[in-house]
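Step one of this worksheet: look at the structure below.
Quick note: the coordinates plus some simple rules give every number you see, no bench work behind them. Everything numeric here is computed off the predicted structure, so don't read it as measured data. Here the Cβ positions follow ideal geometry from the backbone for every residue, glycine too, while neighbour counts run over all protein chains shown.
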């Protein structure tokens, strides 16, 4: 993934998913957009976020960006995070933070006061170590984005602050004091006495010397001390209580420290750790395809013209399924130049037309998230919304026929669509006659031409390709063989009106002879 130059401006850091002047709430929609199911983006986002449910990052994927500088902001960050050294450093930091949460969540299994206190101290120590280690990794990297640069500056300032330095210093001093404690246990019968450690005579050397005359060879003895992390017996707990009474100042300092530092974690770092999962999850998902030889790119985004070019684009959801089956993925190209606004896609059934339409929707949506898009190269328009009108089964509860329901849905789209919108229509008006479908399709296409909106229309009505110079005809293609095998490639060419339906009848054994 080649890095392209992106907008950069150093400043104050607050969030890694949005600029400081934008409200984060604007990027955390709770419900998925209406186009998701039609474009199979619901499946894509579910796959991307799998395993990260604890972070609740789906809202970031439900919130497309409106402004170009916001898109550039994220494009720069995801290119930085894609650097293997930075990627590994953030993954390690995230893993450490997850471990801290796991330790903290096991409080209910630690019943004894000072056992809990010791693990709380361990969490603080791990936190300080993880934050410091992340700063060390970041300081050695060349960053190209304002987002990661500003975060690095924030992190350095935070670690150099008196609050963090005192937290780390005190936690390490208490740890050293605890580890420096020495005590004796005198066990007699069922009684255990806990005493201060005394410099008593060590008879080990004398005993070894006495028995050395019987020594035949050197013997190495390996001792394996097995510790249990969370389980403490009642006897161990009582011994610990006695030790605490022997060293009151050490344990009192531990109590005071934990009580006064209950909110030791930086709120900004916690937000960063959640938000950065948006980039980590996306990169991990995209790498599955790259390992199979498919390309991703940072798209160029246009705001002043609607010239669109895509090279070797593909449908993410379908590709994900095909790669699992170890099947090949077919990529496609398309262009819109000058006054061209509408792609009318016709051709043989089951030739990849709907997949092609979904691909275009996915490309534009992922571009609005500031992410890589599934294509070797892409030059896209900054759309303000993506509307989809795919065929749906008749709803018996609304007492409307299928044709009427199609018309109601397309009207609701045209009422709110603008010249900056992308409208994707797939096989509408199949429930009526060809004559009526042509009339209705013509009126809708004319309305979209007047809007100057971008549109992809998958249809069996090839006459729609010749309505206006803003329309580009594209067709699904077949092999030149007896079965007219589908290539799943969509080519820019005039519609020929041939559906090749007979080959499907033969393929599935539905001829009269069979």
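Computed quantities for the displayed model
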read-out: For region 174-192 and region 291-317, distance of Cα centres in Å; value: 67 Å
read-out: Cα→Cβ-extended label distance, 7 Å offset, between residue 418 and residue 56, nm; value: 3.1 nm
read-out: Percent of beta bridges antiparallel (DSSP, region 297-507, rounded to nearest 5); value: 35 percent
read-out: Within the chain, helix-based [θ] at 222 nm, where runs of 4 or more DSSP H residues each add -39,500 (n - 2.57), nearest 500; value: -14500 deg cm²/dmol
read-out: Label-point gap, in nm, between residue 153 and residue 491 - each point 7 angstrom along Cα→Cβ; value: 5.5 nm
read-out: Relative contact order for region 297-507, counting Cα pairs under 8 Å that sit 6 or more residues apart, in percent; value: 29 percent
read-out: Pairwise FRET efficiency - residue 69 versus residue 255, Cβ, R0 = 56 Å, nearest 0.05; value: 0.65
read-out: Mean separation of Cα contacts under 8 Å (6+ apart) over length of the chain, as relative contact order %; value: 17 percent
read-out: With 5 Å bins from 0: P(r) over region 250-368, alpha-carbon pairs, percent; value: 2, 8, 14, 16, 13, 10, 9, 6, 4, 4, 4, 4, 3, 2, 1, 1, 0
read-out: DSSP bridge orientation in region 265-392 - percent antiparallel, rounded to nearest 5; value: 75 percent
read-out: Rounded FRET efficiency, nearest 0.05, which uses the C-beta distance separating residue 37 from residue 325 and R0 of 25 Å; value: 0.65
read-out: Cα shape, region 297-507, gyration tensor, a/c 1.5 rule; value: rounded
read-out: Nearest-0.05 FRET efficiency for residue 195 and residue 175, computed from C-beta distance (R0 25 Å); value: 0.60
read-out: Region 201-220 and region 126-148: distance between their alpha carbon centers, rounded to Å; value: 53 Å
read-out: Considering only the chain, percent of DSSP beta bridges that pair antiparallel, nearest 5; value: 45 percent
read-out: Rough spin-label spacing in nm, given labels placed 7 Å along Cα→Cβ, for residue 436 and residue 237; value: 7.7 nm
read-out: Folded to 0 to 90 degrees: helix 68-81 orientation relative to the chain principal axis, Cα; value: 50 degrees
read-out: Solvent-free Debye scattering, log10 I(q)/I(0), computed from the Cα coordinates of the chain at q = 0.11, 0.12 Å⁻¹; value: -0.99, -1.11
read-out: Amide N proximity, region 271-291 versus residue 137 label position 7 Å along Cα-to-Cβ, cut-off under 16 Å; value: 272-284
read-out: Nearest-ten-degree value, helix 353-368 long axis tilted from longest Cα axis of the chain; value: 50 degrees
